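The values are calculated or read from the model by the stated rules, or taken from the named source; none is laboratory data. None of these values were measured; they are calculated from a predicted model. Here the Cβ positions follow ideal geometry from the backbone for every residue, glycine too, while neighbour counts run over all protein chains shown.
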Ligand SMILES: C[S@@+](CC[C@H](N)C(=O)[O-])C[C@H]1O[C@@H](n2cnc3c(N)ncnc32)[C@H](O)[C@@H]1O
């Protein structure tokens, strides 16, 4: 990674509206059959914006080969010239479910991924969303 330049701030047309999860709310833990997953330490109410995290927009040529570990994380990103975006927050760590308790919406202008609770979620439960594509892995529920 190149060293950050400190002489001039980057030109930002529209600052991203980043929303961090409440302190201590989310935990990354091992989940049987899924690798790691995200659980909540406290109840979450339906409709809550849990996180709005930045992404790295990717062009066609940046797409990752399925043999690489990083290829499991990018989201579709329909804002030419970008076709995918690499998540930099918990959005990239939520596992898939056919009966999810969250949805993830892309804010293409703000360049953030927003995790919303679509049901009331109990403390200790895993946060999941529906990837919306045929899973490329063996699904554990
Ligand atoms: C975006 S990552 C999610 C976080 C990942 N579990 C980790 O440990 O970094 C997507 C990968 O998680 C795993 N995964 C996601 N949902 C799953 C599920 N329902 N059952 C089994 N594996 C799942 C698959 O290996 C998939 O390639």
Does any residue of region 109-131 turn out to be at negative phi, in a loop (DSSP other than H, G, I, E, B), touching a strand residue (DSSP E or B) at 6+ places or on another chain (Cβ under 8 Å) and modelled with pLDDT under 95?
yes
Looking only at strands (runs of 3 or more DSSP E) that fall completely inside region 29-106, which ones have 2 or more residues that are away from the ligand (no atom under 15 Å from the Cβ) and surrounded by fewer than 15 Cβ atoms within 10 Å (Cβ to Cβ)?
49-59, 75-79
Within region 43-81, how many residues turn out to be over 15 Å from the mean Cα position of the chain (by Cα) and within 15 Å of residue 102 (Cβ to Cβ)?
6
Neighbours by Cβ (under 9 Å, 6+ apart or cross-chain): first from region 61-88, free of Cβ contacts under 8 Å to residues at least 24 places away in the same chain and within 16 Å of residue 104 (Cα to Cα); second assigned to a helix (DSSP H, G or I) and more than 11 Å from the ligand (Cβ to nearest atom)
74/62
Output the residues belonging to region 115-132 that are touching a residue at least 40 places away in the same chain (Cβ under 8 Å) and within 16 Å of the ligand (Cβ to nearest atom).
115, 125, 126, 127, 128
Keeping to region 14-28, report how many residues are under 18 Å from residue 128 (Cβ atoms), part of a loop (DSSP other than H, G, I, E, B) and in contact (Cβ under 8 Å) with a residue 60 or more places away in the chain.
1
